[in-house]
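Here's the structure we're looking at; comments come further down.
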Amino acid sequence: MLTRDLAVSAIPVIDNRDGFLHNHKRLELGDIFMMIEDIRILIVDDDPAVRDILLRLCEIRGYEPVCAGSAPDALRLLGQGLSYHLVIVDFLMPEMHGVDFIREVRASRPNIPIIATSAWNSVQQPFMIAGANLFLSKPFDLHVLAHEIEMIVGSA
C-alpha cells in the first residue's frame with residue numbers, strides 16, 4: 001500500500017468573492033489540492049492597542065482577523081456579505097456602545113457568536129441580555145481568550 005504525506009501550507013490567495021488578499025490553508029495530498037477557508041473573526045474596539053493585540057493573537061492562532069475601530073464601521077463590514085465565524089466587541093466606543101452594536105448584529109445575524117469585553121464588570125448583564133455569548137472582563141488573560149475562541153470556532 002502506498003502512503004503519502006499530508007502537508008498543510010498557508011498561501012496568499014486573491015478571493016473572488018471580495019477581491020482582497022487572504023491567507024488560505026492549502027491541503028495537499030498527492031495531486032489533490034483543497035482550499036480550506038480561514039476562520040474570519042471581526043474585532044471591534046476603538047483602542048488601537050487592543051485591536052493590535054487581538055489581531056496578533058488571531059493571526060498566531062491561524063485565524064483571519066478583520067478589525068474595525070467603531071461599531072458603525074463594523075456594521076458596514078458585516079453588511080458587505082462576508083461570513084464571520086466570531087465577533088469580539090468592546091463596550092465603551094464612540095458613536096455606538098457595544099450593547100447597541102450587539103442588538104444591531106442580532107437583528108441581521110442572530111447566530112453569529114459574540115464575545116463581549118469591557119473593563120467595567122457592571123456591563124456584563126446588559127451585554128448578555130443584548131445577545132452576547134460570552135463576557136470577558138478587561139484586562140483579560142490572552143490564554144483564556146484564545147481557549148474561548150477555539151471553543152467557539154472549533155464548533156463552527
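The values are calculated or read from the model by the stated rules, or taken from the named source; none is laboratory data. All of these numbers come straight from a predicted model, not from anything done at the bench. Every residue, glycine among them, receives a Cβ derived from its backbone with ideal geometry; neighbour counts consider all protein chains shown.
Pairs are defined by a Cβ separation below 9 Å, a sequence spacing of at least 6 or placement on different chains, a first member in the stretch 127-156 that is surrounded by 14 or more Cβ atoms within 10 Å (Cβ to Cβ), and a second member that is basic (Lys, Arg); the pairs so defined are ALA130/ARG103; ALA130/ARG106; GLY131/ARG103; GLY131/ARG106; ALA146/ARG61; ILE149/ARG61.
Out of all the residues in the stretch 63-78, is one or more surrounded by fewer than 12 Cβ atoms within 10 Å (Cβ to Cβ) and either modelled with pLDDT of 95 or more or among the basic types (Lys, Arg) (or both)? Yes, the conditions are met somewhere in the stretch 63-78. For the stretch 53-72, a residue qualifies if it is in contact (Cβ under 8 Å) with a residue 24 or more places away in the chain and of a type in the set (Asp, Glu), and exactly one does: GLU64. When the helices (runs of 4 or more DSSP H) confined to the stretch 89-156 are screened for residues that are closer than 18 Å to ALA49 by Cα and either among the aliphatic types (A, V, I, L, M) or not assigned by TED's automatic domain parsing to the domain that holds VAL44 (or both), those reaching at least 3 such residues are found at 142-153. At pLDDT below 95 and surrounded by 14 or more Cβ atoms within 10 Å (Cβ to Cβ): does that describe ASP46? The answer is no for ASP46. Comparison of GLN124, GLN80 shows that the only residue that is in contact with a Ser or Thr (Cβ under 9 Å, 6 or more places away or on another chain) and among the polar types (S, T, N, Q) is GLN124.
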